[in-house]
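Undergrad: Dropping a structure here in structure tokens format, bear with me for questions.
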Amino acid sequence: MKRVFLCNVSELSVNTVRKVDNAEHGDIAVYNLSGQYYATADLCSHATASLAEGDIEDDLIVCPVHWGTFHIPTGEARDFPCEINIRTYKVEQEGDDLFALIADKAEDPSLIAKG
Ligand code: FES
């Protein structure tokens, strides 16, 4: 398990998402949903879009390219054309800092494909 710095709480307004570059694990999208923090893979599993450029609708992120959606807390693919879940990460807050806890891929239940 690795702990990766994401951003400061003060940089993430309510109901927004931002991209965090991560060369080792793939870029991460970090979300503030009504004061709860979540993190998912930033790359849409349908093609090559950055989900951080999409829109948040309730607890879904809408991909900016073909408008498929994912459930932010679980990474579950919800709407066509997305069919493969995206990875999620547990987020820890320490003061003003947010961190993602990154498990080995083999141990990560969010990597199980839908259906
Ligand atoms: Fe995201 Fe197609 S690239 S839905």
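Undergrad: Here are Thr16, Thr48: which of them is over 16 Å from Val91 (Cα atoms) and β-branched (Val, Ile, Thr)?
TA: On the way: Thr16 fails: over 16 Å from Val91 (Cα atoms).
Answer to the selection: Thr48.
Undergrad: Same structure again: So for the range 75-84 (the condition being modelled with pLDDT of 95 or more and under 23 Å from Glu11 (Cα atoms)), does at least one residue qualify?
TA: yes
Here's the yes/no breakdown for (1) in contact with a Gly (Cβ under 6 Å, 6 or more places away or on another chain); (2) more than 19 Å from Asp27 (Cβ to Cβ):
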{"site": "Thr40", "(1), (2)": "yes, no"}
{"site": "Ala52", "(1), (2)": "no, no"}
{"site": "Val65", "(1), (2)": "no, no"}
{"site": "Gly68", "(1), (2)": "no, no"}
{"site": "Ile72", "(1), (2)": "no, no"}
{"site": "Asn85", "(1), (2)": "yes, no"}
{"site": "Thr88", "(1), (2)": "yes, no"}
{"site": "Glu94", "(1), (2)": "no, yes"}
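Undergrad: Could you tell me whether any residue of the range 5-14 is exposed (fewer than 14 other Cβ atoms within 10 Å of the Cβ) and on the phi > 0 side of the Ramachandran plot? Reasoning before the result, please.
TA: Looking only at the range 5-14, we keep the residues that are exposed (fewer than 14 other Cβ atoms within 10 Å of the Cβ), and these are 5, 8, 10-11, 13-14.
Next cut, on the phi > 0 side of the Ramachandran plot only: none.
Checked against the condition, which is being exposed (fewer than 14 other Cβ atoms within 10 Å of the Cβ) and on the phi > 0 side of the Ramachandran plot, the range 5-14 yields no hits at all.
Undergrad: Select from the range 5-36 the residues that are closer than 19 Å to Pro73 by Cβ, over 12 Å from the mean Cα position of the chain (by Cα) and part of a strand (DSSP E or B) and list them in ascending order.
TA: The answer is Cys7, Gln36.
The values are calculated or read from the model by the stated rules, or taken from the named source; none is laboratory data. Here the structure is a predicted model, which means the values were calculated and not measured. Cβ sites come from the backbone with ideal geometry, for glycine too, and all protein chains shown count toward neighbours.
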